[in-house]
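The values are calculated or read from the model by the stated rules, or taken from the named source; none is laboratory data. Quick caveat, the model's predicted, so the values are computed rather than measured. Don't worry about glycine lacking a Cβ; one is built from the backbone with ideal geometry, like all the others, and counts go over all protein chains shown.
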């Protein structure tokens, strides 16, 4: 991996992003979540209530709203299993740009359908992140589309960071923030915002045990890639990226205090708890941060007020019904 150094996103850039996306992304609420047997006050940052049902609208809008008229004419492309796809499709529609999405064949049907409903063109490829990237590169060469990366991009990070800005504004005495991590856009952005506003607040990334490439990277001090057949095992389809982005990892190394991993059973239990206690609908990826609070308190810093980010709510209804029907 490259040892290139990246400029970290500033609080000024994050505030500018918040102003820029104010008419597309919503300021999502913090919902109190009194989970049984969890100490301290716990709040859920309900990104599932965004117009596309996930935080990804923030970064996509921040990037797309900065395109030139000539770039908008060319159209945009991205590679995504679902939520970033919807964010790009939504923001592209707002500015009148064509959107092309390269999706893995195992993307949830609900996310694929939602992306098509937003007017995007979907191109299917195999399961590996590398296949998505290769197909995207091929189409860019052929048609001249502008790439809207899912996470490894300064404007994307600044956009996702607005979530962290809102957390500190809404709960100034927060002392622990937990965010899911996959490619690292959300975690790197949230951590950048929170640490620049409130250096004493701890920020923890959470990912599935079955896709724990970022946890391994964090321990190793360098980016480690996992094969698609490993990361593809987790129920958390939004967290199956094979390696964290380079810019994202630079932010994670600068601002994040640790990475915790959770089991599939813990993710499912957290989904049930979020529905039961907070009346929010989380997709599996959106439940991992709450799972860390519920099951891994011994690995977390001491806190009095914690915020767990529910990153999205685009869950297949049949899967949700199955998870809710399981014995707690």
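The figures follow:
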{"item": "Sole residue being farther than 19 Å from residue 177 by Cβ, free of Cβ contacts under 8 Å to residues at least 40 places away in the same chain and under 16 Å from the mean Cα position of the chain (by Cα), chosen from 52, 57", "result": "57"}
{"item": "Conditions (1) surrounded by fewer than 20 Cβ atoms within 10 Å (Cβ to Cβ); (2) more than 15 Å from residue 307 (Cβ to Cβ); (3) out of contact with any helix residue (DSSP H, G or I) (no Cβ under 6 Å at 6 or more places or on another chain); number of the one not met by residue 214", "result": "(1)"}
{"item": "Subset of the stretch 131-171 (residues that are in contact with a strand residue (DSSP E or B) (Cβ under 8 Å, 6 or more places away or on another chain) and under 26 Å from residue 8 (Cα atoms))", "result": "133, 146, 147, 148, 149, 150, 163, 164, 166, 167, 170, 171"}
{"item": "Residues that are in contact with a strand residue (DSSP E or B) (Cβ under 6 Å, 6 or more places away or on another chain) and farther than 23 Å from residue 83 by Cβ, drawn from the stretch 286-328", "result": "296, 299, 301, 303, 305, 306"}
{"item": "Among (1) over 18 Å from the mean Cα position of the chain (by Cα); (2) free of Cβ contacts under 8 Å to residues at least 40 places away in the same chain; (3) over 23 Å from residue 107 (Cβ atoms) - the single one residue 230 does not satisfy", "result": "(3)"}
{"item": "Out of 39, 63, 27, 45, sole residue that is assigned by TED's automatic domain parsing to the domain that holds residue 225 and surrounded by 24 or more Cβ atoms within 10 Å (Cβ to Cβ)", "result": "45"}
{"item": "Set 13, 17: member being surrounded by fewer than 24 Cβ atoms within 10 Å (Cβ to Cβ) and either out of contact with any strand residue (DSSP E or B) (no Cβ under 8 Å at 6 or more places or on another chain) or not assigned by TED's automatic domain parsing to the domain that holds residue 117 (or both)", "result": "13"}
{"item": "Hits in the stretch 176-200 (condition: out of contact with any strand residue (DSSP E or B) (no Cβ under 6 Å at 6 or more places or on another chain) and either at positive phi or surrounded by fewer than 24 Cβ atoms within 10 Å (Cβ to Cβ) (or both))", "result": "184, 195, 196, 197, 198, 199, 200"}
{"item": "Unmet criterion (only one of (1) outside the structural domain of residue 291 (by TED's automatic domain parsing); (2) over 23 Å from residue 139 (Cβ atoms); (3) modelled with pLDDT of 95 or more) for residue 6", "result": "(3)"}
{"item": "The stretch 283-299, residues that are more than 14 Å from residue 239 (Cα to Cα), crowded, with 19+ Cβ neighbours inside 10 Å and in contact (Cβ under 8 Å) with a residue 60 or more places away in the chain", "result": "290, 291, 292, 293, 294"}
